[in-house]
Structures are given as C-alpha cells and as structure tokens.
1. Can you tell me how many residues within segment 168-183 are of a type in the set (S, T, N, Q), more than 10 Å from the ligand (Cβ to nearest atom) and farther than 22 Å from residue 220 by Cα?
2. Condition first: surrounded by fewer than 24 Cβ atoms within 10 Å (Cβ to Cβ) and in a helix (DSSP H, G or I). Now tell me which residues in segment 256-286 satisfy that.
3. If I filter segment 420-471 down to residues being among the hydroxyl-bearing types (Ser, Thr, Tyr), out of contact with any Pro (no Cβ under 8 Å at 6 or more places or on another chain) and not in a loop (DSSP other than H, G, I, E, B), which single residue comes out as farthest from the ligand (Cβ to nearest atom)?
4. Which numbered condition trips up residue 371, out of (1) part of a helix (DSSP H, G or I); (2) more than 16 Å from the ligand (Cβ to nearest atom)?
5. Quick one: which residue in 172, 182, 158, 162 is buried (at least 24 other Cβ atoms within 10 Å of the Cβ) and either hydroxyl-bearing (Ser, Thr, Tyr) or under 16 Å from residue 73 (Cα atoms) (or both)?
6. Residues in segment 138-154 that are open to solvent by 10 Å² or more (accessible area, probe 1.4 Å) and either over 22 Å from residue 179 (Cα atoms) or hydrophobic (A, V, I, L, M, F, W, C) (or both): how many?
7. With the condition kept exactly as written, say whether any residue in segment 385-401 is free of Cβ contacts under 8 Å to residues at least 12 places away in the same chain and of a type in the set (A, V, I, L, M, F, W, C).
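The values are calculated or read from the model by the stated rules, or taken from the named source; none is laboratory data. All values derive from a computational prediction rather than experimental measurement. FYI the Cβ positions are ideal-geometry reconstructions off the backbone, even for glycines, and counts take in every protein chain you see. SASA here: full protein model, heavy atoms, side chains in, ligands and nucleic acids out. Shrake-Rupley method; radii C 1.70, N 1.55, O 1.52, S 1.80 Å.
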Amino acid sequence: MTDLPELTHVIAGRPDDDAGPTLPVFDPSTGTTVADIPNASAETVDAAVAAATAALAAWSELTPSQRAGRMMDLADCLEENLDRIVELETLDCGKPLQNAREESKFAIDLIRFCAGAGRCMEGKAAQEYAAGKTSFVRREPLGVVAGITPWNYPVVMLAYKLAPALAAGNTLVVKPAEQTPLSTAFIAARAQETLPAGVVNLVLGDGPTTGTAMVRHPDVALVTLTGETETGKLVAREAAATLKRVVLELGGKSPVVVFDDADMDLTARGVSHGAFYNSGQDCTAASRVLAAAGVYDEVVDRLSASASGIRLGGPADAADMGPLVSSEQQDRVSGFIERAGDRGSTVRSSSEVPGSGYFIAPTVISDVGANDEIVQSEVFGPVVSVQRFNTDAEAVELANSTRYGLGASVWTRNVGRAMDVSRRLAVGAVWVNCHDVVTPEMPHGGVRASGYGKDLSMYSIEDMTHVKHVMVSHER
Ligand code: NAD
C-alpha cells in the first residue's frame, strides 16, 4: 500500500484544510479509490493568493543568484525523494515506473535549468535614444502567478509552471488536475522545506470551483494553464475581466508527414513511440500520420505490428503501456474508435487488455478522410490515424488542415525537403526524423487552437516578466 502525502492545501508554508465537499482520486490501473481531496473554495483560493502576495517582495528582491540557490535546494530535495515521487506519479496515472522516473528526472532538470537561466535574463543595451537621456530596459516579475496543470504528466507540468515563475521572481499558487493530485501535493510539501513560506502555495480542487476562483482573482497577474482548448477559451474569457495575462498550452493533433524516401525502420520506431507513449495522452502525440502513397501500406502494416506488440498493464506489471487516466477518458476514446469503424475506416488493434482498470489497446485507423472526426479531433488516447497523400504540396495542406498547431514531424532523407516542409507547417515545433523530443533549453507551445505563450526555455521565463523602460536624464 502506497504511503500517501498529506492531501491538504498548502498556504503560507502550512497545511490548510477546508471542511468542504471532497473529490475522489482513483488508481487508473485498478479503478479503485485511493484518496479524497478537498475542493478549494473561493475563500481558500483568496487565502492562497494573499500568502503569495505577502511573499512577493522578499522573493523578488533576492538576487538571481540567491533565488537560484533556493531553487537548486528544491531540485536536490526532489532528487533525494525521487523514488517517492515516482511511486505517487504511477499511482496517480497508472503509467509504467520507468516512464514516471524519466519524466520526474526531466522535471528536476528543468527546475535546475530555470534556476540558472533566471540569472541571465537580457534587456536591450542602454543607449541615449533621446539626447542627454540614457534609456535601459528592466525585466520585472509580474507578481502572483496561478499555475493550472492537467493529468497526463503531473510532475512535469508542475515544473513547467513553477520553474519559470520562480526564476523570474514571481510567487505561485498552483492547482493540479483533480484526477492526479498526489505527486503535486508531495512536491508542494517539499517546497515548504526549501523555499520561503508563501512562495509556492497549493490549492487542491476542480476546474469549475477552484480553477475559476484562481482565474477570477484580481491579485493574480498571470494564469498559466495546460489543458483542453475549450478550457483555454474559458480561462481567457474569465481573465479578460481583470486584464490578467494568460499562457495557454492547449490541445494538439500533430501531423506526422512520412515521405517515400524516409528511413522506414527509424520512422516505424519513432512514430510508434510518439503515438503510444503515455497511452497517447500527450498534447503532441504522433496521432495523425500522413503517408506518401508509395509507403502508405507499409506504414499501416508496421504501425499495426508495433501496436500489437505493446504489453498493457499497471505499474507493478512492468508493462510497456499503462491505462488511461479515468473511466470517462476510457469511454471517450472508445467512442472515437467505434465511430471511426462505423463510418467505414479500417480499425486494427490486437493487444490483450487487462480485466480491470481504464485500459484501451493501441489502435491504428486507416482508410480515413481528411474531414473525419478521427482526423480532426484530439483523441488523447493510444489511437493513430493514417492518411494517404500524393504530392509534397498536398502533404502540407493536409498537415495544416486541423484547427490545432502544436507540433509536427517530418520523416525524409532529403534535407531540402525537410527544410522546406518544416517552414510551411503552421505549428509551434517541428521535429525532423524524430517526434516529441523536448529539452529544457528549447521552447514548447503552439499557435491557433493550441494556444499561445511558451513553456520551457528562456522564453517561458520571459513570458513571466514584463519589460520596463527606465530613462535617466543627464541634466544636473
Ligand atoms: P482540462 O482542460 O480538463 O483540465 C486542465 C486543468 O484545468 C485541470 O487542472 C482542470 O481542473 C482545470 N480546469 C478545468 N476547467 C477549468 C476552468 N473553467 N477554469 C480554470 N481551470 C479549469 O485538461 P485535461 O483533460 O486535464 O488535460 C488534457 C488536455 O491538456 C488535452 O487537451 C491536452 O492536449 C492538453 N495538454 C496540452 C499540453 C501542451 O503543452 N499544449 C500539454 C499537456 C496536455
């Protein structure tokens, strides 16, 4: 039996319980209830924002080196507790232990990266743009940042919000997805051991109650959300009332363009991993393959073969792929697969599915049309569609034909073709001969219905600042 962390809000460095209604948390690999969490009211959110506001002056006035030191202490503390974080993450999500370990290490590395990068923020060079007056630019923290995270990568998504916010001198109120609060609660408690009280505050709860209160709060300067496109629209609308900034990392339907000169071994391996990693619950999952007519059959066969070789199971089973996060998500994904079959597409899926838990077998769907639901909608499950194209121009047109614009990959041995197609894809990231590889140094974020603003990299830290012009007259 896993030892659970204290599942309370954390405000001004202390656990905080509100005696309101609770929400159940399930183990997705068995379907059993493992815990209940509180659902933070607007009053609780207000207390958390007040604590973050009170901590702001002292935190933002530390030198970047001092802030980096405290963030490094947090990263070291998380590394010492890595096994515990991995255990909670797998209980929360049902994902394989090895995946949770690699993801948690990535999150710790990101905190270290931002700690250092916060020391090298740049402004424009000082100049006398008006005669006798020197201008320069300062990057200032925004204030209290509200971070709202999804359930697919709880630890990584927490780091995406926490690390740049703190590095830029802001303080944080964070809310994990109600389905997966365990690892975030544990990490928030560790943050109290290493950071000044009030710099990181945790509120537990759902979107409509707790999330809305965070977005509406007048003392929150910026909301950074990773979630569905419809949630992003709601958040942007609510945030407009107080003119607060928003960073929105939303849904995706990444095109994977396979040309007939691609290395097929590399492509089959890379696309299969990109489509089925984390049970396809990934905003940049390789969910929409576009294959040149000459390799279409081979792509369908190879993806189907790798899908049927994937072993499903819970964290204890040393499986390749875990369950989906919830029964709602399992029903939703099954619905997409059934409707695609009903409209005449070919559905291939042959892995053995465990009896309990929210599992869906990895599935390849071919014979699809450009406007089909399975091609246009984000499924967020282990499902990949394969479409045929005849020319490079058609490939680009099909790739850009959904409302999303998060990621894409191009598979070819021809460098010129890779460069040309990468330029013409309307997305935030293009991978050539690989898919969905993220690093702390490089930005992640989309365009169109995938949102705006950046996670990761120096750009994410800059998104959490405002630019102030200071002009100094030389008159004496
Ligand atoms: P979701 O939108 O349902 O929930 C995300 C978070 O928003 C949760 O914490 C939820 O409680 C909160 N929320 C919901 N309604 C809210 C509201 N009205 N106001 C404030 N907060 C609210 O998303 P999900 O189902 O948890 O996650 C899956 C989605 O996340 C997918 O669409 C996926 O593409 C997206 N995602 C995007 C990225 C990216 O970087 N672009 C990364 C991972 C996941």
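1. First, the residues of segment 168-183 that are of a type in the set (S, T, N, Q): 170-171, 179-180, 183.
Among the residues that remain, those that are also more than 10 Å from the ligand (Cβ to nearest atom) are: 170-171, 183.
Now drop any that are not farther than 22 Å from residue 220 by Cα, which leaves 183.
So the answer is 1.
2. 264, 265, 266, 268, 269, 270, 272, 273, 277, 278
3. First pass over segment 420-471, keeping only residues among the hydroxyl-bearing types (Ser, Thr, Tyr): 422, 439, 450, 452, 457, 459-460, 465.
If we keep only those that are out of contact with any Pro (no Cβ under 8 Å at 6 or more places or on another chain) too, we end up with 422, 439, 450, 452.
Subsequent filtering for residues that are not in a loop (DSSP other than H, G, I, E, B) retains 422, 452.
Details: 422: 19, 452: 10 Å.
Applying the filter and picking the extreme gives 422.
4. Exception for residue 371: condition (1).
5. Values: 172 fails: either hydroxyl-bearing (Ser, Thr, Tyr) or under 16 Å from residue 73 (Cα atoms) (or both); 182 fails: either hydroxyl-bearing (Ser, Thr, Tyr) or under 16 Å from residue 73 (Cα atoms) (or both); 158 fails: either hydroxyl-bearing (Ser, Thr, Tyr) or under 16 Å from residue 73 (Cα atoms) (or both).
It is 162.
6. 7
7. Within segment 385-401, the first condition is being free of Cβ contacts under 8 Å to residues at least 12 places away in the same chain, and the residues that meet it are 391, 393-394, 397.
Now drop any that are not of a type in the set (A, V, I, L, M, F, W, C), which leaves 393.
There is at least one residue in segment 385-401 that is free of Cβ contacts under 8 Å to residues at least 12 places away in the same chain and of a type in the set (A, V, I, L, M, F, W, C).
Every residue, every condition in (1) among the polar types (S, T, N, Q); (2) in contact with a Ser or Thr (Cβ under 7 Å, 6 or more places away or on another chain); (3) crowded, with 17+ Cβ neighbours inside 10 Å; (4) closer than 21 Å to residue 259 by Cβ, yes or no:
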position: 397; (1), (2), (3), (4): no, no, no, yes
position: 407; (1), (2), (3), (4): no, yes, yes, yes
position: 427; (1), (2), (3), (4): no, no, yes, yes
position: 436; (1), (2), (3), (4): no, yes, yes, yes
position: 469; (1), (2), (3), (4): no, yes, no, no
position: 476; (1), (2), (3), (4): no, no, no, no
